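Asks: I'd like to ask you about the structure that follows.
The values are calculated or read from the model by the stated rules, or taken from the named source; none is laboratory data. These figures come from a predicted structure and were not determined experimentally. Methodologically, a virtual Cβ is constructed for each residue, glycine included, from the backbone with ideal geometry; neighbour enumeration extends over all protein chains shown.
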Amino acid sequence: MRLYEQTRTEYIRVLGADHPDTLRACLNLAHAYYGVGRLTDAEKLLREVVKRCKLNLPGSDPLTAAARTSLSNITGDSAEQ
């Protein structure tokens with residue numbers, strides 16, 4: 001878990017919060033949170049990733065779709081799609 005958090009922190013520092021690689025690192029961290037039962041943390045981070053993807057990536061970007069799907073899977077809300 002700590003490695004994912006460190007990676008996210010470094011990506012934000014070096015590339016910025018909205019860079020696709022940073023967003024992917026955040027998505028990976030959200031999946032790790034989910035995997036260890038930190039559902040609130042996972043959902044919060046996924047909401048942020050989806051928001052940043054919508055603002056900074058083309059609508060057809062696979063990362064945006066992956067983040068939306070992950071959020072939908074956690075919340076059970078198909079409206080997130």
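Asks: Suppose we filter region 33-81 for residues that are part of a helix (DSSP H, G or I), more than 22 Å from residue 11 (Cβ to Cβ), in contact (Cβ under 8 Å) with a residue 12 or more places away in the chain and not β-branched (Val, Ile, Thr); how many remain?
Replies: So the answer is 2.
Asks: Do we find that residue 52 is surrounded by fewer than 18 Cβ atoms within 10 Å (Cβ to Cβ) and either under 21 Å from residue 75 (Cα atoms) or not small (Gly, Ala, Ser) (or both) in this structure?
Replies: Here the answer is no, as residue 52 does not meet what is asked.
Asks: Of all residues in region 5-32, how many are over 19 Å from residue 65 (Cα atoms) and assigned to a helix (DSSP H, G or I)?
Replies: Residues that pass the stated criteria total 11.
Asks: Only one residue in 58, 62 is within 18 Å of residue 22 (Cα to Cα) and at pLDDT below 95. Which one?
Replies: Being within 18 Å of residue 22 (Cα to Cα) and at pLDDT below 95 holds for just one of 58, 62, which is 58.
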